[in-house]
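Structure, as structure tokens:
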Amino acid sequence: MNVLFDLGAIKTGGGVQLAVNFLSLLDRQKASHVNIFLVIPEIGELSKLTLRGKYSDVFVSPNPFMKRFLFEYGYLQRQIRLHKIHHIFTFFGSGLPHPSTVRSVVTVAYPVICYPESDYWNYASMKDQVYIRLLNLLRRSRLKKASRIIAETTVMRSRLAQSIRYPLEKIVVVPPTPSQYVKPLVGQRRVPSRRFLFISDTSSHKNLWRLPAIAECILERGITEFMFVLTCTRESYIKSLKTPITSEGLIDAHFTFLGSIPPQRIMEAYNQADIVVLLSDLESFSSNYMEAWSVRLPLVVSDRDFTRNICAGSALYVDPHQPNDVAEQLILVSEDLDLQNRLVKAGEERLSLLPSPQQRLSRIMRELLGEKDELENDIHLAIQEPLTTCESRVSAR
């Protein structure tokens, strides 16, 4: 049996972390009767891995759009026919073009295609909006041709079905698995805890551009000892800001830039943190939620349906576009040890509900091969319905 695993869309972000873990597991559990072919991107962390020789063949997807288009519709189609590939699994993407005889299963992590009401659109540039909307047309077209779609949460499942007009019964919920590269932090938690980790790139929807205003709000409350730890470079961060900063002294005094960190070294970031903060307007199931649970750090996240669906009582919720609200909640959690412990305990409970890497791979292979799953609900996850704002704030406090 010949199977093509498509990782061509995984260049940056949390998807890289999950992809590296997935390849590691796939390498350990390869079946002798399965010939595995890979598509990997031309750039990014996956392109740096030593993969040739481990699999039947590795195809490199070019980065420029037109070259990638020709690769997918030309060269790759010839390889699919040549190697008699009848099963394709896309690891986070919109799927590859394929003959009707091929079964295609796609894992989707493109919330931007199914959140037309998101605040993201209010702050994205006109150029970005036009580009993303055109790209989303192609993504929806590709997704509609998938034999099966795998979503990571029930919220994403419902939104996908509505957005791309795809049968709900053909969208399966399979949550992700935690990274093998994160371990619980040791040592006593202390208060005040004011090293806030923002572990993401500078994409607009991550809302890191809001941080100078948030820092100023913290300073206005008389608190001068705090640090924002970012996993990007100072240069890329300054370039990403939507408005000029009033003082570079603010950045020098309260921002630390770690730069991009490879998946295998992700603990270097968590070792410098007291609290993990994610202010995204759009996410599917960020690996950072799972990592925070795994390393036992409290979470502060944007108040959105996907975060409440994923995090429930393991996080404090803020409006990322209200700097005063964010500052208030960061101060609150940094000074309340009991609150931190409750968030961490709730995170451990959420972590225990996730499937093991072996369970997830097994479920993916069943979907890929079209096997009837007699235990359709063998992967249980209590991430079902988001809590209301009132319920969540009360449970956290």
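The values are calculated or read from the model by the stated rules, or taken from the named source; none is laboratory data. Since this is a predicted model, take the numbers as computed values, not measurements. Glycine also receives a Cβ, built like all others from the backbone with ideal geometry; neighbour counts cover every protein chain displayed. The protein model used for the area step is the full one, side chains on, heavy atoms only, and it has no ligands, DNA or RNA in it. Shrake-Rupley method; radii C 1.70, N 1.55, O 1.52, S 1.80 Å.
Accessible area per residue was computed with a 1.4 Å probe on protein heavy atoms; Ser240 scores about 30 Å². Taking all protein chains together, Tyr131, Tyr110, Tyr237 sort by accessible area into Tyr131, Tyr110, Tyr237, largest first [probe 1.4 Å].
Once Rg and the Kirkwood radius are both taken over the C-alpha atoms of segment 140-274, their ratio Rg/Rh works out to 1.09.
Residues in segment 6-11 carry Karplus couplings, in order, of 9, 10, x, 8, 8, 10 Hz; the curve used is 6.51 cos²θ - 1.76 cosθ + 1.60 with θ = phi - 60°, and Gly or Pro positions show x.
Computed 3J(HN,Hα) for segment 216-222, one whole-Hz value per residue from the Karplus formula 6.51 cos²θ - 1.76 cosθ + 1.60 where θ = phi - 60°, is 5, 5, 5, 4, 4, 8, x, glycine and proline marked x. State the Cα centre-to-centre distance between segment 48-65 and segment 309-363 in whole Å. Each part's Cα centre sits 36 Å from the other's. Taken about its Cα centre, the chain carries a charge dipole of about 1600 debye when Lys and Arg each add +1 at the Cβ and Asp and Glu each add -1 at the Cβ. Amide H to amide H, with H built 1.01 Å from N, Leu316 comes under 5 Å of Leu299, Val300, Val301, counting only residues 5 or more places away or on other chains. Roughly what % of Cα-Cα distances in segment 173-243 sit above 20 Å, to the whole percent? Within segment 173-243, distances greater than 20 Å cover 49 percent of Cα pairs. 3J(HN,Hα) along segment 47-54: 5, 8, 6, 8, 10, 5, x, 8 Hz, from the Karplus curve 6.51 cos²θ - 1.76 cosθ + 1.60 with θ = phi - 60°, whole Hz, x for Gly and Pro. By the Kirkwood approach, averaging reciprocal distances over each pair of separate Cα atoms, segment 109-197 gets a hydrodynamic radius of 16.1 Å.
Other residues with beta-carbon under 10 Å from the beta-carbon of Gly8 carry, at +1 per Lys or Arg and -1 per Asp or Glu, a net charge of -1. Projecting the Cα atoms of Leu197, Gly370, Leu143 onto the charge dipole of the chain (Cβ charges, centred on the Cα centre) puts Gly370 farthest toward the positive pole. Global dimensions of segment 289-353 from alpha-carbon coordinates: Rg and Dmax equal 11.3, 34 Å. In terms of accessible area, using a 1.4 Å probe and ignoring ligands and nucleic acids, Lys11, Lys30 rank largest first as Lys30, Lys11.
Ser247 contributes an accessible area of around 50 Å² to the protein surface, as traced by a 1.4 Å probe with all chains present.
Shown are Ser104, Ser203, whose ranking by accessible area with a 1.4 Å probe and every protein chain present, most to least, is Ser203, Ser104.
Between Tyr270, Tyr55, Tyr166, the residue with the greatest mean-square fluctuation in the GNM of the chain (Cα pairs under 10 Å linked by springs) is Tyr55.
Helix 323-335 and the longest principal axis of the Cα set of the chain meet at an angle near 80°.
Restricting the calculation to Cα atoms, the chain shows an Rg/Rh of 0.97 when the hydrodynamic-style radius is the Kirkwood one. The solvent-accessible area of Glu45, taken with every protein chain present and a 1.4 Å probe, is close to 40 Å². Sorted largest first, the spans of the alpha carbon positions of segment 27-101 along the three principal axes are 36, 32, 21 Å.
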